[in-house]
Structures are given as structure tokens and as C-alpha cells.
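Below is one structure, written out as C-alpha cells; comments come after it.
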Amino acid sequence: MKALAPGTVIFHRHRGYGVITAVNLLTGWIAARFGSESRTLDLNLSTDEVQFADGEAILFRRAPPDRMPHARLMAMVRELHRAGYQKLYLYAWPKPSGLHWRWHLFTGQRDWMQRSWREGWYGSGADYNVNPVMGWGDMPGAGTGELIDALARFDPQGLAQALGRDEDHTAWFEQVCEQLLPGYMYSLDMARPDGGPLTDMPPVPVIPVRATLPPYSGPDLSWPPGWAGLWSKVHAPPTPRPNFTGIPET
């Protein structure tokens, strides 16, 4: 199915051609403007008679779009690993609400706790749910090659830092992609049982990226290289932000 995003041209049998101004990939509700109307019209893709501009049906119930970008990011990272950019890592973890998952791409040293941050290399499923782009100049519905091209144009210096070999992580990531793609993603969060201690190495949580997919029933995933014993290490505190006021902070 084509991408559903703000700016997508649609056709409604009673209103004619219009443009989506807002979308929610989780619920299927959209807002669209038709003709010269000053107000937008709220429509639901599951019940209202909405099509793409070329007449293709929008089968939101039967074939819903990905409500999270993580599977697309995993496919992109796998291709970059195959091209020699093996020092590129994808960290994913849930938001406190449990409705969406954050994502963070980082390069260089593989340290799951002290990760390097670059502008545009992180995001959330909550943002993707209403505007399905990564944020580095990519278009909605872009393929793996197009995502790589957009990222290389957006931050070539950052992508260059991913050049290098990390065979252990690359092999782990390749195996995970074979088991999960295209419908599932991994989440690197270690849930603590209510009132109990943190389990040392529970199975890696696996989450479907589309609403109609059943819960994951495949083999358990191992944790990525460098994860074992992570919580027992001593981590350096973050560098304090510079203070230019001259007034000591309390």
C-alpha cells in the first residue's frame, strides 16, 4: 500500500479529490481538505469511502501500514552493515505510556548505555504515527535504498563514523533481521517484575509493527553483544552543561 501521510492526495466519492492534512496510523483517523473548503473534514480509513487519487483502495483494516518505523530502520541498518558500515547500531526502547517505542541510531564505539547522539538520528513512534518519516529528508514510504541515500545526504560525516568492522554485532543483527522482518521489531528493555529483582537475561521483547499481526511466536532472541553484565558496570555520569552566567548552580 502507498504511504499515508500529510500531503497524500485522496479521492472521496462524495467530496472528490482532497489532500490529507493530518493522519493517525494507529487509529486510522485522518483530516483532509477538499477543494476550496476552509475547514478540514475528519474521516476514518476503516469505514469512510476513501481511496488514493489513482483509485487504489485504502485497505486500512486488512493491510494497515506500519505504525512504527523500526522494521524499516532494521532493514536499512542491515544493508549498511553489508556495505561495510558495521559500526552502526539501533537501540529501541518503549515510552512510559507503552503505546510507542523510541529509536536511536548511533555510531562509533558500541556502548549501549553511553551512546553518542546526533541530531536527526533518533525519534519516536509517536512522531512517526502522525508523520511517517525518519526526519533526515526522506519521503513517506521510501524504500531501504532511498532511506540510505537520504541519510548519506543529510549527515555524511555521521555516517562515515559507522565505517569499520564489528563482526559479532553484525552477525547478531543479521540473524535478528532474518527472524523478525518485515513485521516485527526488537525492544532492548528489561522489564522488572512487580516487586521483584531485575532478571539477568530475559528473552528480548519482540513487538509487531502492524496492528493485524499476531504476537511473536518464533524462537527467543539473544541479547546483543556487549549486553551481558551491562547493569553491573560503573557508568560515567553525563558531562554537565556549561554555565556562562557566573552564578553557581545549586
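Take Leu41, project a point 7 Å from its Cα along the Cβ direction, then tell me which residues of the range 2-23 have their backbone nitrogen under 15 Å from it.
Output list for this probe position: 9-22.
7 Å from Cα along Cα→Cβ at both Gln179 and Asp54: what's the point-to-point distance in nm?
Distance between the two pseudo-spin positions: 3.8 nm.
Just the number, please: Stokes-Einstein D of the range 70-230 in µm²/s, Kirkwood Rh from C-alpha pairs, 37 °C, 0.692 mPa s.
Rounded to a whole number, D works out at 200 µm²/s.
What is the packing order of peptides 126-136, 108-118, taking the mean over residues of other C-beta atoms within 10 Å and listing the highest first?
126-136, 108-118
For the chain, what is the calculated [θ] at 222 nm in deg cm²/dmol (nearest 500), taking -39500 (n - 2.57) for each run of four or more DSSP H residues and dividing by its residue count?
The per-residue figure over the chain is -5500 deg cm²/dmol.
Apply the Debye scattering formula to the range 127-186, with a single equal point scatterer on each alpha-carbon and no solvent, then give log10 I(q)/I(0) at q = 0.17, 0.21 Å⁻¹.
Debye output, listed in q order: -0.81, -1.08.
List Ser46, Ser36 from most exposed to least, where exposure is judged by having the fewest other Cβ atoms within 10 Å.
Details: Ser46 15, Ser36 5.
If I rank by nearby Cβ atoms, fewest first, I get Ser36, Ser46.
Find, to one decimal place in angstroms, the Kirkwood hydrodynamic radius of the range 1-128, where the mean of 1/r is taken over every pair of different Cα atoms and then inverted. Each step should come with its number before you reach the end.
Working: mean 1/r = 0.0592 Å⁻¹.
Taking the inverse mean of 1/r over all distinct Cα pairs, the range 1-128 comes out at 16.9 Å.
For His14 and Ala152 in one chain, what is 0.36 nm times their gap in residues minus the Cα-Cα distance, to one decimal in nm? Provide the component values of the computation, followed by the final result.
Numbers: separation 138, 0.36 × 138 = 49.68 nm, distance 4.34 nm.
Contour length minus Cα-Cα distance gives 45.3 nm.
Relative contact order (percent) for the chain, with alpha-carbon contacts under 8 angstrom and 6 or more residues of separation?
Details: 386 pairs, mean separation 43.3, N = 250.
Relative contact order of the chain: 17 percent.
Express the relative contact order of the range 30-85 as a whole percentage, based on alpha carbon pairs under 8 Å and six or more residues apart in sequence. Walk me through the intermediate numbers first.
Details: 27 pairs, mean separation 10.3, N = 56.
Value for the range 30-85: 18 percent.
Would you work out the charge dipole size for the chain about its Cα centre, treating the Cβ of every Lys and Arg as +1 and the Cβ of every Asp and Glu as -1, and quote it to the nearest 20 debye? Each step should come with its number before you reach the end.
Numbers: 23 positive and 25 negative charges, 62 e Å.
It comes to approximately 300 debye.
Mind pulling up the Rg/Rh value for the range 11-62? Radius of gyration and Kirkwood radius, both on Cα. Mind dumping the intermediate values first?
Working: Rg = 10.4 Å, Rh = 11.2 Å.
My calculation puts Rg/Rh at 0.93.
On a 0 to 90 degree scale, rounded to 10, what angle separates helix 144-154 from the longest Cα axis of the chain?
70 degrees
With r as the distance between the Cβ atoms of Ser116 and Arg61 and R0 = 45 Å, compute the FRET efficiency 1/(1 + (r/R0)^6) and round to 0.05. Please report the intermediate quantities before stating the final value.
Working: r = 41 Å, r/R0 = 0.91.
FRET efficiency, Arg61 to Ser116: 0.65.
List, in order, the whole-Hz ³J(HN,Hα) value for each residue of the range 39-45 obtained from phi through the Karplus relation with A = 6.51, B = -1.76, C = 1.60 and θ = phi - 60°; use x for Gly and Pro.
With the stated coefficients, the range 39-45 comes to 9, 8, 10, 7, 9, 10, 5 Hz.
No lab work stands behind these numbers, since they all come straight from the coordinates. Values in this document were obtained by computation on a predicted structure and should not be read as measured data. Please note: Cβ atoms are built from the backbone with ideal geometry, for glycine as well, and neighbour counts cover all protein chains shown.
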